Amino acid sequence: MAETVNQNPEQIARDIIDKMLTEVGREIQSKNKIDLSASKGFASKKYQTDVGFADYMLFVDRKPVGVEV
């Protein structure tokens with residue numbers, strides 16, 4: 001896990017979530033570089049929705065299946 005010194009609670013939580021997603025085989029992609037064909041399942045950070053940004057949007061087989069706000 002990334003170093004937690006001088007990180008705010010939100011960044012510490014994101015580091016933990018990123019680690020958990022990676023451990024279960026999910027690739028994490030940037031909102032600016034989403035590649036739906038990169039893997040069967042992945043998470044996108046700061047994904048734009050109709051009602052604002054989601055912290056994470058989870059995709060499986062190119063379809064959104066979960067959201068964390």
Pairs, first of a type in the set (Ser, Thr, Tyr) in segment 47-61, second outside any strand (DSSP E or B), C-beta under 7 Å, six or more apart: Tyr47/Lys31; Tyr56/Ile17
Of all residues in segment 5-19, how many are surrounded by 12 or more Cβ atoms within 10 Å (Cβ to Cβ), part of a loop (DSSP other than H, G, I, E, B) and among the β-branched types (Val, Ile, Thr)? 0
Mind listing just one residue for me: the one in segment 20-49 that is at pLDDT 90 or above, of a type outside the set (Val, Ile, Thr) and loosely packed, with under 13 Cβ neighbours inside 10 Å and, of those, farthest from the chain's Cα centre (by Cα)? Glu23
Identify the residue in segment 20-60 that is among the charged types (D, E, K, R) and touching a strand residue (DSSP E or B) at 6+ places or on another chain (Cβ under 8 Å) and, among all such residues, is farthest from Glu10 (Cα to Cα). Lys40
In segment 32-55, anything assigned to a loop (DSSP other than H, G, I, E, B) and under 12 Å from Val69 (Cβ atoms) is listed as Val51
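The values are calculated or read from the model by the stated rules, or taken from the named source; none is laboratory data. For clarity, every value in this text was computed on a predicted model and none was experimentally measured. Heads up, the Cβs are rebuilt from the backbone with ideal geometry, glycines too, and the neighbour counts pull from every protein chain shown.
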